[in-house]
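The values are calculated or read from the model by the stated rules, or taken from the named source; none is laboratory data. On a predicted model such as this, the values are computed, not experimentally measured, just so you know. Quick reminder, even Gly has a Cβ in these numbers, built from the backbone with ideal geometry, and neighbours come from all protein chains shown. Side chains included, ligands, DNA and RNA excluded: accessible areas come from the protein's heavy atoms. Shrake-Rupley method; radii C 1.70, N 1.55, O 1.52, S 1.80 Å.
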Amino acid sequence: MDSTFNWKLEQTLLEKVINLATQRGQSPESIVSEAVRLYLETQLLETVDDAASDPLIGLFAATPDLAINSEDVLQQEITEKSGWTWK
């Protein structure tokens, strides 16, 4: 696989990259490489998150050990008026 390719950055983006590179004391190439690396990492994380995401995870606030201590939590929260009643 050839590790080079010809690519022209849009003029407005090129100017922004050059300005940022100058401010940071880096080369424009290193700025673009960093941006591409961060983009790819984000895309890879989103792919993993999408594959394993559950819309209910994180929906409710609770302690991390809620599943383990659910019975204890219920015992602490129960009152005389808790549960079903007959009318």
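Of the residues Leu45, Leu40, Leu59, the single one that is modelled with pLDDT of 75 or more and among the aliphatic types (A, V, I, L, M) is Leu40.
Among the residues of segment 1-44, those identified as assigned to a helix (DSSP H, G or I), open to solvent by less than 100 Å² (accessible area, probe 1.4 Å) and of a type outside the set (A, V, I, L, M, F, W, C) are Thr12, Glu15, Asn19, Pro28, Ser30, Ser33, Glu34, Glu41, Thr42, Gln43. Can you list residue pairs whose Cβ atoms sit under 7 Å apart, with the first residue in segment 29-47 being over 19 Å from Thr12 (Cβ atoms) and the second being modelled with pLDDT under 90? Count only pairs 6 or more apart in sequence or on different chains. Final answer for the pair search is none.
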